[in-house]
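Each remark here refers to the structure printed beneath this line.
What follows is calculated from the coordinates using simple rules that are stated; it is not laboratory data. Please read all numbers here as calculations on a predicted model, not as lab measurements. Note: ideal-geometry Cβ built from the backbone for every residue, glycine included; neighbour counts use all protein chains shown.
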Amino acid sequence: MQRRPTAMPCSSSRQEQAAASAASVALSVNDRGNCGVVDGERAARAAEREVEERDVPPVVARHRAFVRTLQALIEASPLAVVVSDASGVVRVWNPAAVRLFGWREEEAVGHPNPLLSRKGTRSCA
């Protein structure tokens, strides 16, 4: 049986929330101002993002949110997504690319794209 967090008036400071997130525990604040303790890595990442974005201009916060959305779409895509820079070095390699091509992300990112033909050759590597 999973224990549900109890609601309590929220009086915790942002520093306490950041400290809690470091221990994989975050305080969740609902729209009524009540707090609950939430376990898990996802909650910790959300709390860290909130602390990071606290003092940034709104345009920067929107950009960061947009980048996170793109990252989530690429990760969830059923199609292989491989992005290389101008020199042919892999910068993005999603899980579908792992399934399709067989190379793990760690093996591909930061290395020459194995799918591109080498200069002077007619076939792919």
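A few comments on the model shown:
- Cut-off 12 Å between beta-carbons: net charge of the residues surrounding Glu105, Lys and Arg +1, Asp and Glu -1: 0
- Spacing of the two label points (7 Å from each Cα toward its C-beta) at Ala46 and Arg104, in nm: 3.0 nm
- Working ranking of peptides 101-108, 73-80, 54-61 by packing, defined as the average number of other Cβ atoms within 10 Å per residue, highest first, is 101-108, 73-80, 54-61.
- Our estimate of slack between Ser87 and Val56, defined as 0.36 nm per intervening residue step minus the Cα-Cα distance, is 7.9 nm.
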